[in-house]
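Structure record follows, encoded as structure tokens.
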Amino acid sequence: MNYLRFLLSDPRLLSFGFTLNVFIALGQTFYHSLFNADIRAELDLTNGELAAVYGSATIVGSVILLVVGRLIDKVDLRAFAGATTVMVAFGCWFLANVTTPFMLFFAMLAVRFSAQSLWGVCAQVSMARYFDETRGKAAAVANTGYALGYAVFPLIGASLLAVFGWREAWTYTSLAVLIFILPLIALQLWGHGKRHAAYEARLKQLAEADGATAGLQWPLGKVLRDIRFWLIQPSMLAVPSVIFSIQFHQVFLADAKGWSITAFAGGYTVYSLVSLVAMLVSGAMVDRVGSLRLVSISIWPLIPALLVLVFVDHPIGIVLLMMCTGMTFGVGLILFVTIWAEFYGTKHMGAIRSFNVFMNVSVASAVMVLTGWLIDRGTSVAQMAAGGIVVVLLSLLLLYFVRRPRGASAATSVEAN
């Protein structure tokens, strides 16, 4: 009932965040990996070569995001989201028409940068910025779209691939983005100017009432000089690095473990359901106890997930793997939105969030390339999983040196009326 009442507080903005998080799937690793075998066969690429193209395109996109992403702090959200959506449509069309690895690099750059990065920044910044005491719930509601995307897009992608082929699949996707998504987000952001004006007025009022409040609005340069930021980063980076590497190399993983790729793809239903429950529970918890306490809780399930890859060959391992990674991912999605707002405020959230996306994408992409390189050289799944466990344990150790920020739930943003 609390969530139901909250949904009615600003249904348009919440549905905007939800919609973008559903269709972010177009730029996500788990979706692109469905087309890996066909792209490799047609362009004559190895696993490692395709991973290198994909990873390098993603890293370049994250570097560009450092400049472009901070524009959301200055440009009207409606214009930013609209331009991003047009870019997504172009990227999908371009990907459908690649003929060389060189073209593939730029096509993947366009899709990943726009769908995965810029759409993600739009959704996350808008939830963190325009909700305050209910920021956790806002993140949870918006990110249920993520869970839905994970549930339906593997089936959609597999169906499009089977019926039409990979090129036609991306062509039809481009048309759907222009015809359906672009008008929808325009409707969802109708009247946003009034909301943003109220947000700016609230920040000004708080700064005038208490000069200390202004100190909560940290610019990116100051954030990067804060030791807490770097102590938390390894835990936040472990989530995409481990989970996306598993998803990107899912065909190899299923073959190595003797699992059916169909059964593995079906496991994403479990993944999405567990993620959904984890998001809703952690969203409410963040509003009560803050984000920092949940960071260590969020990455603990990665350890049993990786242990499954070391010891379990039975198909039940798919369910266990999806449950553990889904739990981590669900809680992590909330924390990616809330933790930096609690520590550093929301005025410069576009720049801060863009830097974190850069870090997440760069490290996760580098790990995907590394695992592709290790696969090509005969490294076993168990050996790579054991290395992942060591990384997770070290990141947990660093969290013990982080103190919770003073006034973590301070009113640094405003709920829309």
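Shape class of segment 80-152 from the alpha-carbon gyration tensor: prolate, with a/c at 1.5 or above and a/b greater than b/c. Coupling constants for segment 354-364 follow from the phi torsions by the Karplus curve (6.51 cos²θ - 1.76 cosθ + 1.60, θ = phi - 60°), and in residue order they are 5, 5, 5, 4, 4, 5, 4, 5, 4, 5, 4 Hz; glycine and proline get x. By other beta-carbon atoms within 10 Å, ranking 76, 44 with the fewest at the front produces 44, 76. Note on residue 399 and residue 200: their simple-model spin labels are 3.8 nm apart, each label 7 Å out from Cα toward Cβ.
Phi-derived couplings, Karplus 6.51 cos²θ - 1.76 cosθ + 1.60 at θ = phi - 60°, listed residue by residue for segment 63-71: 5, 4, 4, 4, 8, 6, x, 6, 5 Hz, with x used for Gly and Pro. If a spin label sat at a point 7 angstrom from the Cα of residue 312 along the line to its beta carbon, no backbone N atom of segment 353-393 would be nearer than 14 Å. In the chain, the DSSP-assigned H stretches of four residues or longer account for a calculated mean residue ellipticity at 222 nm of -25000 deg cm²/dmol, using -39500 (n - 2.57) per stretch and the full residue count as denominator. Could you work out the percent of alpha carbon pairs in segment 1-156 separated by over 27 Å, rounded to a whole number? Beyond 27 Å sits 28 percent of the P(r) for segment 1-156. Phi angles across segment 27-41 convert, under the Karplus curve 6.51 cos²θ - 1.76 cosθ + 1.60 with θ = phi - 60°, into 3J(HN,Hα) values of x, 8, 4, 4, 7, 4, 5, 4, 9, 4, 4, 5, 5, 4, 5 Hz, Gly and Pro given as x. Extension gain for residue 379-residue 161 works out to 75.5 nm (0.36 nm per residue, less the C-alpha to C-alpha distance). Going by neighbour counts of Cβ atoms within 10 Å, the residues 103, 108, 87 line up, fewest first, as 103, 87, 108. Taking a ≥ b ≥ c as the square roots of the eigenvalues of the alpha carbon gyration tensor, segment 118-193 is oblate, as a/c is not under 1.5 and a/b does not beat b/c.
Listing 10, 287 from fewest to most neighbouring C-beta atoms within 10 Å gives 10, 287.
Listed by chain and number, the aspartates and glutamates placed with their C-alpha closer than 19 angstrom to that of residue 257 are 313, 376; residues fewer than eight positions away on the same chain are left out.
Rounded to whole Å and sorted largest first, what semi-axes of the equivalent ellipsoid does the C-alpha gyration tensor of segment 318-396 yield via the square root of 5 times each eigenvalue? Walk me through the intermediate numbers first.
Working: eigenvalues 171, 55, 23 Å².
Taking √(5λ) for each Cα gyration eigenvalue gives 29, 17, 11 Å.
Sort segment 271-326 into rounded, prolate or oblate with this rule: let a ≥ b ≥ c be the square roots of the eigenvalues of the Cα gyration tensor; rounded if a/c is under 1.5, and if a/c is not under 1.5, prolate when a/b is larger than b/c, oblate otherwise. It comes out oblate by the Cα gyration axes. Summary of the geometry: segment 230-306 and segment 1-74, compared by the centres of their Cα atoms, lie 16 Å apart.
Peptides 335-345, 272-282, 228-238 ordered by packing proxy, namely the average of other Cβ atoms within 10 Å per residue, highest first: 335-345, 272-282, 228-238. Candidate cross-link partners of residue 347 among the lysines, defined by an alpha-carbon separation under 25 Å and a same-chain spacing of 8 or more, comprise 74, 137, 194, 204, 222.
Quick note: the coordinates plus some simple rules give every number you see, no bench work behind them. These numbers come from a predicted model, not from an experiment. We place every Cβ from the backbone using ideal geometry, glycine too, and count neighbours over all the protein chains shown.
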